[in-house]
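Below is the structure I would like to discuss, written out as structure tokens.
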Amino acid sequence: MSALDARSIMMLSGLLALLMSLVLIFMRRSYPRHLRQGLGLLTCAPLLWCASTVLFGLRGHLPDLFSVVLANEVLMGGVLAYHVGNQYFFTGQARWKGWTLVVLGCLPVMAWFTWVSPSYDVRLILFTSLMGALFLTQMRFMMRQPTSFSQTVVVLVLGLQSAILGARLISVLLGHAGEGLMEPGLMQLAYLSGNAVTILMLTVGSVLCATERLRIEFEHLASHDTLTQALTRRAVLQRAEEELARLRRHGDPVSLMMLDLDHFKAINDQFGHQQGDAVLIEFTARTRRMLRQTDLLGRYGGEEFLVLLPGTDAATALGVAERVRQAQPAPPALGCTVSIGVATAVEPGESIDALLARADKALYQAKNDGRNCVRAG
């Protein structure tokens, strides 16, 4: 492999990184605000990779300050931006200060072994070790995320690049570092080719992750109430249909609770709708704490809610309803007591409409009996 070939590979990888960053730039504009910070860093990463390949490719034409020291720092900065961007994108928060200090700390070390005590071997060991640690850290983070096709692609690419860096580090320690980045050799060819593939596939992985995340966001918006984050009426009734189908197949009981906040209109009239919204949010939070992970809370409409209790008989459902009722604040605390109607389906032929009608009738009875109570239908 000639020096010209090495430069060609680096320039090609830089061009691919630039093109993929443009794709991410246009995608970012259409994403929700809470995802843009992560996407912004994921967009910066290939731009930094592109800049580094240009600097590396101009080695011999630019001073070492740019083509060696700055080129290595920019490349590591791109990997760090990719890592931090994924943290923000998947979790909304990131730990970046420690790695940033490490990357910046390499700057004087690289400068020392470039001008004061020139050593290609030491620079290569430092750079390869740090890059490998960054890739392995990113790989570990991605493996902790929910498994998906895009996540699997990124993990595999990170693993492949980590293996290439490990092989390169071993070759240096065995005395086969060579004389420079542009020197012909199988290891240099493997490294530069692997770097080009990594840049392309990591940016493709970012595009796939972003697309998948947007799909999940839309599905969540379609199935969850925007104010309380409870399921929508349609979503909870669809799950109720599925549980009734399970009842017909296996005989498992299913219970449904219909809840109505007592005197909720008075809160809106006295304190305003903003405070009323806060009461609804607090009500859903209190109610969720009383439910099992398999139970489903949905907003039926206004201040009315549904709770679906799969595999739950009548006696157990009444106990759950009582716990939910007791969890709500009583006056003079700002909040609402709750009236609850409970219905349990045990007959295979019962429809969702019939189950809802029984729960609604029980709720009506609870309100007639003075509110803030539980009744079974």
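The values are calculated or read from the model by the stated rules, or taken from the named source; none is laboratory data. None of the values given here were measured: they were computed from a predicted structure. Backbone-built Cβ (ideal geometry, glycine too); neighbour counts: all protein chains shown. The accessibility values were calculated without ligands, DNA or RNA, using every heavy atom of the protein model including side chains. Shrake-Rupley method; radii C 1.70, N 1.55, O 1.52, S 1.80 Å.
Considering only residues that are open to solvent by 10 Å² or more (accessible area, probe 1.4 Å) and aliphatic (A, V, I, L, M), look in segment 298-317 and name the one that is farthest from Leu355 (Cα to Cα).
Ala315
While we're on this one: Would segment 345-366 turn up any residue that is of a type in the set (Ser, Thr, Tyr), surrounded by 17 or more Cβ atoms within 10 Å (Cβ to Cβ) and touching a residue at least 40 places away in the same chain (Cβ under 8 Å)? Give the derivation first.
Within segment 345-366, the subset of a type in the set (Ser, Thr, Tyr) is 351, 364.
Still in the running and surrounded by 17 or more Cβ atoms within 10 Å (Cβ to Cβ): none.
No: zero hits.
Then there is this: Considering Leu280, Leu297, which residue is in contact with a Ser or Thr (Cβ under 8 Å, 6 or more places away or on another chain) and farther than 18 Å from Val374 by Cα?
Every option except Leu280 fails the conditions.
Show me the strands (runs of 3 or more DSSP E) found entirely inside segment 299-377 where at least 3 residues are β-branched (Val, Ile, Thr), out of contact with any strand residue (DSSP E or B) (no Cβ under 6 Å at 6 or more places or on another chain) and farther than 21 Å from Val236 by Cα. Please lay out each step first, then the result.
On the way: elements: 304-310, 338-345, 374-376.
No strands (runs of 3 or more DSSP E) qualify here.
Run down Leu259, Leu280 and say which single residue is surrounded by 20 or more Cβ atoms within 10 Å (Cβ to Cβ) and part of a strand (DSSP E or B).
Details: Leu280 fails: part of a strand (DSSP E or B).
Being surrounded by 20 or more Cβ atoms within 10 Å (Cβ to Cβ) and part of a strand (DSSP E or B) holds for just one of Leu259, Leu280, which is Leu259.
Might you let me know whether segment 96-117 holds any residue that is more than 19 Å from Leu158 (Cα to Cα), open to solvent by less than 70 Å² (accessible area, probe 1.4 Å), modelled with pLDDT of 90 or more and in contact with a Ser or Thr (Cβ under 9 Å, 6 or more places away or on another chain)?
Looking for residues that are more than 19 Å from Leu158 (Cα to Cα), open to solvent by less than 70 Å² (accessible area, probe 1.4 Å), modelled with pLDDT of 90 or more and in contact with a Ser or Thr (Cβ under 9 Å, 6 or more places away or on another chain), one finds at least one in segment 96-117, hence yes.
Could you pull out the residue among Thr228, Thr211 that is β-branched (Val, Ile, Thr), more than 25 Å from Gln365 (Cα to Cα), surrounded by fewer than 19 Cβ atoms within 10 Å (Cβ to Cβ) and touching a residue at least 12 places away in the same chain (Cβ under 8 Å)? Lay out the reasoning, then the answer.
Details: Thr228 fails: surrounded by fewer than 19 Cβ atoms within 10 Å (Cβ to Cβ).
After ruling out the rest, the residue left standing is Thr211.
Being surrounded by fewer than 16 Cβ atoms within 10 Å (Cβ to Cβ) and over 14 Å from Leu12 (Cα atoms) is the filter; apply it to segment 186-203 and report the residue that is modelled with the highest pLDDT.
Ala190
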